Amino acid sequence: MIALLVCLPLALELQGALALLLPMPALLWCAMRISLFGTSLLAAGWSAWILVMVGEGRLSVADPVALLDEGVTTRISVILMALSPIAVAVATGAQRRAERELQRIAECDALTGTLSRHAFWTQSQELLDTQHTARKSIAVMMLDLDHFKSINDNLGHLTGDSVLEQFGNTLLATTEGLGLSGRLGGEEFAVAAADCTFEEAIQLAERIRQAQETHARSIHDFAGTVSIGVAWADRAMSSMEALLDIADEAMYRAKREGRNAVVVECVDHPNQAVLID
């Protein structure tokens with residue numbers, strides 16, 4: 001923007017066709033940095049200023065050997081000059097959208113829409129680092145669909161994939177705005193939620209369990225529910241792996257207690273586990 005303002009007096013000083021080209025580097029730079037709308041406004045503003053200055057006789061862009069008259073030449077030149085940065089802005093915007101889509105594809109599990117294993121590990125560790133530095137709470141959950149092998153064996157892999165997809169949707173809807181959810185592999189998922197109390201961690205896990213229990217009834221009598229282990233820390237520790245290990249142990253305890261249950265471990269008080277079924 002400052003470069004464009006500097007070009008105003010320089011254009012009047014230089015005169016000629018060079019005055020039209022003077023702002024081009026600045027406009028192209030803007031086209032690659034700001035929005036299409038912003039670039040269009042800048043290009044339109046510069047073009048309007050050029051036409052006003054030419055109309056008032058304060059700026060001449062005439063070419064002595066031009067075949068067309070100065071007015072026509074000026075208008076064509078101004079239009080082409082304005083379209084160039086706009087075209088660059090359009091191409092840059094398309095490239096950015098493509099890059100965002102590629103990043104989304106790389107970070108998301110193709111079947112469930114949750115974060116991929118790598119993306120969950122990376123983003124959850126970043127979240128944990130933030131909570132650890134601020135000495136704030138965090139809840140980490142391990143979730144495993146009950147009797148999932150039976151679903152595949154008795155109802156087929158397409159039904160199994162449908163169950164995974166549906167559970168992914170349930171996780172995304174339940175944890176939206178509250179935390180991260182990812183698929184670690186097979187029928188195993190994980191959730192990380194920051195700034196939640198012990199009671200809120202229990203409530204979140206129970207909402208997930210109840211939502212899946214409701215859906216499981218429509219699949220088959222013997223399978224489709226979820227067992228959840230939760231590791232909650234009032235002051236976040238530094239290792240996501242350690243928290244997931246605690247949550248994993250809690251999840252297997254939920255399995256041993258009959259499945260379709262939630263076990264919550266308080267990391268600060270290891271012997272105070274809560275079972276909900």
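Given the residues Gly185, Gly168, which is the only one that is farther than 18 Å from Ala254 by Cβ and surrounded by 20 or more Cβ atoms within 10 Å (Cβ to Cβ)?
On the way: Gly185 fails: surrounded by 20 or more Cβ atoms within 10 Å (Cβ to Cβ).
Result of the check over Gly185, Gly168: Gly168.
Looking at (1) modelled with pLDDT of 90 or more; (2) over 14 Å from the mean Cα position of the chain (by Cα); (3) within 26 Å of Glu206 (Cβ to Cβ), which is the one condition that is false for Glu126?
(3)
Output the qualifying pairs, or none if there are none: Cβ atoms under 6 angstrom, residues six or more apart or on different chains, first residue in the stretch 182-199 and closer than 17 Å to Asn169 by Cβ and at pLDDT 95 or above, second residue surrounded by 20 or more Cβ atoms within 10 Å (Cβ to Cβ) and among the hydroxyl-bearing types (Ser, Thr, Tyr).
Qualifying pairs under 6 Å: Gly182/Thr114; Arg183/Thr112; Arg183/Thr114; Val191/Ser181.
Condition (residue is in contact with a Phe, Trp or Tyr (Cβ under 7 Å, 6 or more places away or on another chain), hydroxyl-bearing (Ser, Thr, Tyr) and modelled with pLDDT under 95) applied to the stretch 150-164: is it met by at least one residue?
Within the stretch 150-164, one or more residues are in contact with a Phe, Trp or Tyr (Cβ under 7 Å, 6 or more places away or on another chain), hydroxyl-bearing (Ser, Thr, Tyr) and modelled with pLDDT under 95.
Counting only residues that are crowded, with 17+ Cβ neighbours inside 10 Å and not hydrophobic (A, V, I, L, M, F, W, C), which one in the stretch 216-242 is farthest from Gly177 (Cα to Cα)?
It comes out as Gly224.
Evaluate the following for Arg207: is it of a type in the set (Lys, Arg), at pLDDT below 95 and surrounded by fewer than 24 Cβ atoms within 10 Å (Cβ to Cβ)? Even if it seems obvious, please write down each step before you answer.
Working: of a type in the set (Lys, Arg): yes; at pLDDT below 95: no; surrounded by fewer than 24 Cβ atoms within 10 Å (Cβ to Cβ): yes.
Against the criterion (of a type in the set (Lys, Arg), at pLDDT below 95 and surrounded by fewer than 24 Cβ atoms within 10 Å (Cβ to Cβ)), Arg207 does not qualify.
Can you go through Thr130, Thr92, Thr114 and tell me which one is more than 30 Å from Ala44 (Cβ to Cβ), surrounded by 16 or more Cβ atoms within 10 Å (Cβ to Cβ) and either out of contact with any Asp or Glu (no Cβ under 9 Å at 6 or more places or on another chain) or acidic (Asp, Glu) (or both)?
On the way: Thr130 fails: surrounded by 16 or more Cβ atoms within 10 Å (Cβ to Cβ); Thr92 fails: more than 30 Å from Ala44 (Cβ to Cβ).
Of the residues listed, the single one that is more than 30 Å from Ala44 (Cβ to Cβ), surrounded by 16 or more Cβ atoms within 10 Å (Cβ to Cβ) and either out of contact with any Asp or Glu (no Cβ under 9 Å at 6 or more places or on another chain) or acidic (Asp, Glu) (or both) is Thr114.
Please tell me if Met141 is touching a Pro at 6+ places or on another chain (Cβ under 9 Å), touching a residue at least 60 places away in the same chain (Cβ under 8 Å) and surrounded by 15 or more Cβ atoms within 10 Å (Cβ to Cβ).
Values: touching a Pro at 6+ places or on another chain (Cβ under 9 Å): no; touching a residue at least 60 places away in the same chain (Cβ under 8 Å): yes; surrounded by 15 or more Cβ atoms within 10 Å (Cβ to Cβ): yes.
Taking the combined requirement at face value, the residue does not satisfy it.
The values are calculated or read from the model by the stated rules, or taken from the named source; none is laboratory data. Everything numeric here is computed off the predicted structure, so don't read it as measured data. Because the Cβ atoms are built from the backbone with ideal geometry, glycine has one as well, and the counts that use them run over all protein chains shown.
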